[in-house]
Amino acid sequence: MVQKILFVCLGNICRSPAAEGVFRAMAPGVDTDSAGTGGWHVGEPPYGPMQTAALARGVDLSDLRARQFSAEDFARFDLIIGMDDANIDEIERLRPSGTQTPVRLFTDYAPQSGASTVPDPYYTRDFDGTLTLIEECAKGLSEVL
Ligand code: 4NP
């Protein structure tokens, strides 16, 4: 049974905290966390424009703080979800031998969206479009647990 889910992106200040915030509201019985494969923003709250866009949809991200993904996360979580292929590659690079924890793309849970990756709004600046996709993925995920 999936009880602990980790959402992973690059910086842990835009996509993965938004995914965590959206998903935890849909599935309050599941333990959630998020992390970044990079360590530049460790300890920081989610990026301001992402917090603003999320709050406009009723999702408060202000309690979240960035941390870096580590190999120990394979033992701590039942499911690890990356936002793009680079995230998946970096997660798998750190996989300890013998661990079976599944690693999936978030967009796998929203095939109807046609998206194969969650675009990074830190670069695209389309925070709202990314949130719309994250909501679709989170809904799909909540339906298969
Ligand atoms: P995220 O976006 O991976 O969705 O949190 C990024 C935020 C910051 C950086 C990269 C991606 N950065 O390089 O600072």
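The values are calculated or read from the model by the stated rules, or taken from the named source; none is laboratory data. Every value quoted in this text rests on a predicted model; they were computed, and no experiment measured them. Because the Cβ atoms are built from the backbone with ideal geometry, glycine has one as well, and the counts that use them run over all protein chains shown. Side chains are part of the model used for accessible areas, which takes the heavy atoms of the whole protein and leaves out ligands, DNA and RNA. Shrake-Rupley method; radii C 1.70, N 1.55, O 1.52, S 1.80 Å.
Filter segment 94-121 for residues that are without any contact (Cβ under 8 Å) to a residue 60 or more places away in the chain, open to solvent by less than 40 Å² (accessible area, probe 1.4 Å) and of a type in the set (A, V, I, L, M) and give the result.
Matches in segment 94-121: Val103, Leu105, Ala110, Ala115.
State which residue pairs qualify: first residue surrounded by 22 or more Cβ atoms within 10 Å (Cβ to Cβ) and inside segment 33-48, second residue hydroxyl-bearing (Ser, Thr, Tyr) in any location, beta carbons under 6 Å apart, and separation of 6 or more residues or different chains.
Ser34/Ser16
Within segment 26-145, which strands (runs of 3 or more DSSP E) (wholly inside it) include 2 or more residues that are among the hydrophobic types (A, V, I, L, M, F, W, C)?
Qualifying strands (runs of 3 or more DSSP E): 79-82, 103-105.
With the requirement that a residue be open to solvent by 40 Å² or more (accessible area, probe 1.4 Å) and touching a Gly at 6+ places or on another chain (Cβ under 9 Å), what does segment 77-91 give you?
Asp89, Glu90 - these are the residues of segment 77-91 that are open to solvent by 40 Å² or more (accessible area, probe 1.4 Å) and touching a Gly at 6+ places or on another chain (Cβ under 9 Å).
Take the residues of segment 33-58 that are among the hydrophobic types (A, V, I, L, M, F, W, C) and within 15 Å of the ligand (Cβ to nearest atom): which is nearest to Val22 (Cα to Cα)?
Ala54
Go through segment 1-32 and count every residue that is open to solvent by 10 Å² or more (accessible area, probe 1.4 Å) and in contact with a Leu (Cβ under 6 Å, 6 or more places away or on another chain).
Number of matching residues: 1.
Here are the criteria: (1) open to solvent by 70 Å² or more (accessible area, probe 1.4 Å); (2) in contact (Cβ under 8 Å) with a residue 24 or more places away in the chain; (3) within 13 Å of the ligand (Cβ to nearest atom). Tell me which single one Thr124 does not satisfy.
Every listed condition holds for Thr124 apart from (2).
Within segment 33-91, take every residue that is touching a Pro at 6+ places or on another chain (Cβ under 7 Å) and of a type in the set (Gly, Ala, Ser) and give me the one that is nearest to Thr107 (Cα to Cα).
The residue in question is Ser34.
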